[in-house]
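Data first, discussion second: the structure below is written as structure tokens.
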Amino acid sequence: MQLSDDRTQATLAINKTLTAPEIESLIRELATLRSQMAPEVAPAPQDSNGNGVPVMSQDNPTIAIQYPLEAEHVTIYLRSIGLGWTAWRLHPDTQRALAEFFNSRLTQNAPAQSKPIPFR
């Protein structure tokens, strides 16, 4: 893989059969390459009007949280069936915003979750 000098194009040479773990490794390498390219990833996902960029969606992804916690940040991992595991380090402000959002959506009559979210 090679990135052009202006960072707008990448040259790839792939002509072989890959296993699932090799595909996962390639996806990580491509994501790293994409993070270095211009233009940046769009700031918003696609909305109901078709504005923004399309996203890959998955219901009920597996999540895990890294223990012990690192300083004030929390690292949360999300498992995608197509992308593998991605890690997100959440700043305390983001943690607070997420807590407020999720708590505002809960009702006193909400059914209990049938199975716990797995934490590691």
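What follows is calculated from the coordinates using simple rules that are stated; it is not laboratory data. No experiment lies behind these values; they were computed from the predicted model shown. Note that we place each Cβ from the backbone using ideal geometry, even for glycine, and neighbour counts take in every protein chain shown.
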Subject >> Crossing angle, helix 20-35 versus the chain [Cα axis fit, 0-90 degrees, rounded to tens] >> reply: 80
Original post:
Could you state the per residue volume, in Å³, of the convex hull enclosing the Cα atoms of the chain?
Top reply: 189
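So for the chain, averaging the separation of alpha carbon pairs under 8 Å that are six or more residues apart and normalising by length, what relative contact order in percent results? Mind dumping the intermediate values first?
Working: 107 pairs, mean separation 20.4, N = 120.
After rounding, I find 17 percent.
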Original post:
Semi-axes of the range 1-42's equivalent ellipsoid from the Cα gyration tensor, sqrt of 5 times each eigenvalue, largest first, rounded to whole Å?
Top reply: 22, 13, 6
**OP:** Take the Cα coordinates of the range 10-80, assign each an equal point scatterer, and use the Debye formula without solvent to give log10 I(q)/I(0) at q = 0.16, 0.17, 0.21, 0.26 Å⁻¹.
**Re:** -0.98, -1.06, -1.20, -1.16
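Figure the gain on full extension for Arg28 and Val41 (residue separation times 0.36 nm, minus the Cα-Cα span) and round it to one decimal in nm. Walk me through the numbers before you get to the answer.
On the way: separation 13, 0.36 × 13 = 4.68 nm, distance 1.57 nm.
Extra length available between Arg28 and Val41 comes to 3.1 nm.
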Original post:
If Lys and Arg each add +1 and Asp and Glu each add -1, what is the summed charge of the other residues whose beta carbon sits under 12 Å from the beta carbon of Glu22?
Top reply: 0
Original post:
Which residue, chosen from Leu3, Ala38, Ile23, occupies the Cα position most advanced towards the positive end of the dipole of the chain, where the dipole is computed from +1 (Lys, Arg) and -1 (Asp, Glu) charges on Cβ about the Cα centre?
Top reply: Ile23
Original post:
For the peptides 52-59, 3-10, 72-79, what is the packing order when you average, over each peptide's residues, the other Cβ atoms within 10 Å and list the highest mean first?
Top reply: 72-79, 3-10, 52-59
**OP:** Could you tell me how many degrees, from 0 to 90 and to the nearest 10, lie between the Cα long axis of helix 92-105 and the main elongation axis, the longest principal axis, of the Cα atoms of the chain?
**Re:** 60
